[in-house]
Each structure stands twice: as C-alpha cells, then as structure tokens.
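The values are calculated or read from the model by the stated rules, or taken from the named source; none is laboratory data. This one's a predicted model, so the numbers in the text were calculated from it and none came from an experiment. So basically every Cβ, Gly included, is an ideal-geometry build from the backbone, and we count neighbours across all protein chains shown. Just so you know, the surface numbers come from the protein's heavy atoms only, side chains and all, with ligands and any DNA or RNA stripped out. Shrake-Rupley method; radii C 1.70, N 1.55, O 1.52, S 1.80 Å.
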Amino acid sequence: MTRDRTQAVTQEAARPLTLAVVSAGLSTPSSTRLLADRLAEATRQRLADGGQGPVEVRVVELRDLATDIAHNLVTGFPGAELRAAVETVTGADALIAVTPVFAASYSGLFKSFFDILEPEALAGKPVLAAATGGTARHSLVLDHALRPLFGYLRALTVPTAVFAAPEDWGGTGDAFTGSLPGRVDRAAGELAALLAGRPATGGPSAAGPVAAGGAPGETGETGGTVRAADAGPSDPYDEASVVPFAQQLAALRP
C-alpha cells in the first residue's frame, strides 16, 4: 500500500462518525425532540461501547425551517439554512428521523422536508425511524407510512422502529412491546451495528442457531455446521431438476 493510500485510510478511520437527527416536533419542549435525543444518545453510547467513535451528532429542527421549506417547494431554491440542513442529512453516516403523528400519518412538515431531497440522496444510508403520538393506536404509522417513505428513498431502515405514546414515557411496557427505554436501546443497537459495518444482533432470537438443513455454512440446532454438500443443490430451480409441464400433465392422466 502506498504512503498516500495509507494516509487516506488512516484519516478515514480517524474521521468522526456523523449522526444526523431530524426532529419534526412543533412545540418547545417537544416529546418528538425528546425521543430524538434519547435515540441519538443511545446510539452514541452503543457505538462507544463497541469501540466506534468519536460520534458527532447534528440535530435538524424542522420547525425552524418551516418557512424555508415552503419557499423551496414553490420556488425550487433553498435558502442558506435549509441548504445547510439538507447537506447535514445527506452527508451524515446515518440518520435518525422522528415525526409527530397528525391525521394518522407523519406530519406535513416532516414529509415536505424529505420531498425536497434528491431521489438518491439517502440511498444506502442507515435510518432509524421513530414517531410520537397521542395514543398507541397511532403506532401503525411506523409501518404504513415511515417504512414505505424510506423504502422509496432506498435507505436502510433498521428493523426496530420506535413509537412513543404519552403512557410510554413512564410505563413499563408489556410482554409484546417492552418498555420505551428497551425499544430505544434495541433500535440504537441496530443502528450502531449498521454503522460499525457488522450484522445486528438483537438477542438470542436474532443471533441464535438455525435449524439443521439451513443455508450452507450456517449452524444447526445440534451446534454442528451444515456443509454445502449436505444442504442440497445450491439452486433448487436448476434446469436439470425441473420436470417439464407436459410430463407433469401426463402423470395426472388416468
């Protein structure tokens, strides 16, 4: 490796990870901003625990950019502050995006901000999506609105999305959802894992062994390794193993 290449790799390794946090809360203080801060801190802590750091957290408060966002939508030209916010989001290594729920979906301000981004701006970027609402019945917004939005933008949304209703802030959760701190920590761990460039491990159910006969090279229930030779043909639709349709029909004739 040349000296210039070595220096470039060293500088890249020393560069702090950047975590953009988009909060679409409208009030001050805001439960949306509070959830965003907790997710950012949990992610920073997970990265520090894994030896990944330092981490630079950059917060974008959309309420301060509402007028600029509206102007950009009708003129196509962003103001200086909005341009800086867009560069913060698109240039970050990962994104945490949190919106309040209005009319059973993300807020118009939240959607308008992502509408002004270039279609490929978030492609491949790890994203943790979260929302706040007045009732737990709005939690479906995570799957019917936020995931499709970031899926369209080709971002890598972590498996755990976080919703916080009023009762979650002081509650202990239940057997199905867990507590809010637990969900925050799990989602942060998944985002940190993507940033660290390794597969996320969410516990025994996520990292446990697979049943024997799984994919080649995976561990079976007995702890042994399933060899490629034991796993059957690599392509179940191999041409040599496909029975012609006419032959299948002939077999059905009395």
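Amide H contacts for TYR106 (H built 1.01 Å from N in the peptide plane; partners 5 or more residues away or on another chain; cut-off under 5 Å): none found.
With every protein chain left in place, what is the accessible area per residue of segment 17-199 in square angstrom, probe 1.4 Å?
46 Å²
The mean sequence distance of close C-alpha pairs (under 8 Å, at least 6 residues apart), as a share of the length of segment 72-139, puts its relative contact order at 40 percent. With a ≥ b ≥ c taken as the square roots of the eigenvalues of the C-alpha gyration tensor of segment 43-159, please select rounded if a/c is under 1.5 and otherwise prolate if a/b is larger than b/c or oblate if it is not? Taking the square roots of the gyration eigenvalues as a ≥ b ≥ c, segment 43-159 is oblate.
Measuring nothing but how far apart in sequence close Cα pairs (under 8 Å, 6+ apart) lie, relative to its length, segment 17-199 scores a relative contact order of 25 percent. Determine the share of segment 17-199's accessible area contributed by carbon and sulfur atoms, expressed in whole percent, with a 1.4 angstrom probe. Of all accessible area on segment 17-199, carbon and sulfur atoms account for 55 percent. In this simple spin-label model, placing a label point 7 Å from the Cα along the Cα-to-Cβ direction at both ASP143 and ALA251 gives a separation of 3.8 nm. Charged side chains reduced to their Cβ positions (Lys and Arg at +1, Asp and Glu at -1) give segment 17-199 a dipole of some 240 debye around its Cα centre.
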